[in-house]
């Protein structure tokens, strides 16, 4: 782990985020960014912002984006927001609004 960026309490289900994570894992930073730009899934917005944050952290440390690749991407469950929806006969059905904690780690390419 050379550089990392983390986003917590993102209001999207972790299972939906993990579908997109598998696409960018192990790719070059520029390739991963291009892939996310052309993807038609909701998690791409959060992942693109997080990837750009990790690249900015790398620039702050003196590295160039061409030198880096996505070493590790993790999406864990965050706390669930518990809500209730009115149902028939005066009952209530629970609604679980899931949140995610996402972490991206970048590493130098072996050239």
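Take the conditions touching a helix residue (DSSP H, G or I) at 6+ places or on another chain (Cβ under 8 Å), within 23 Å of residue 12 (Cα to Cα), without any contact (Cβ under 8 Å) to a residue 60 or more places away in the chain and part of a helix (DSSP H, G or I) and apply them to residue 44. Does it pass?
Answer is yes for this residue.
For residue 100, which of the numbered conditions (1) in contact with a helix residue (DSSP H, G or I) (Cβ under 6 Å, 6 or more places away or on another chain); (2) without any contact (Cβ under 8 Å) to a residue 12 or more places away in the chain fails to hold?
Exception for residue 100: condition (2).
How about segment 1-29: which of its residues are within 18 Å of residue 55 (Cβ to Cβ) and in a helix (DSSP H, G or I)?
Residues of segment 1-29 within 18 Å of residue 55 (Cβ to Cβ): 1-7, 20-21, 23-29.
The answer is 20, 21, 23, 24, 29.
Would it be correct to say that residue 83 is surrounded by fewer than 18 Cβ atoms within 10 Å (Cβ to Cβ) and in a helix (DSSP H, G or I)?
Against the criterion (surrounded by fewer than 18 Cβ atoms within 10 Å (Cβ to Cβ) and in a helix (DSSP H, G or I)), residue 83 does not qualify.
Can you pull out every residue in segment 86-111 that is farther than 26 Å from residue 35 by Cα and part of a strand (DSSP E or B)?
Restricting attention to segment 86-111, the residues satisfying the condition of being farther than 26 Å from residue 35 by Cα are 86-97.
Answer for segment 86-111, where residues must be farther than 26 Å from residue 35 by Cα and part of a strand (DSSP E or B): 86, 92, 93, 94, 95, 96, 97.
Report, by residue number, each residue of segment 1-21 that is exposed (fewer than 14 other Cβ atoms within 10 Å of the Cβ), modelled with pLDDT of 95 or more and in contact with a strand residue (DSSP E or B) (Cβ under 6 Å, 6 or more places away or on another chain).
Answer for segment 1-21, where residues must be exposed (fewer than 14 other Cβ atoms within 10 Å of the Cβ), modelled with pLDDT of 95 or more and in contact with a strand residue (DSSP E or B) (Cβ under 6 Å, 6 or more places away or on another chain): 6, 8.
If residue 32 meets every condition in (1) part of a helix (DSSP H, G or I); (2) more than 11 Å from the chain's Cα centre (by Cα); (3) within 14 Å of residue 99 (Cα to Cα) apart from one, which number is that one?
(3)
Working only within segment 51-67, note down all residues that are surrounded by fewer than 16 Cβ atoms within 10 Å (Cβ to Cβ) and assigned to a loop (DSSP other than H, G, I, E, B).
Passing the criteria: 62, 64.
The values are calculated or read from the model by the stated rules, or taken from the named source; none is laboratory data. A quick note: this is a predicted structure, and the numbers were derived from the prediction, not measured. Virtual Cβ from ideal backbone geometry, glycine too; neighbours counted across all protein chains shown.
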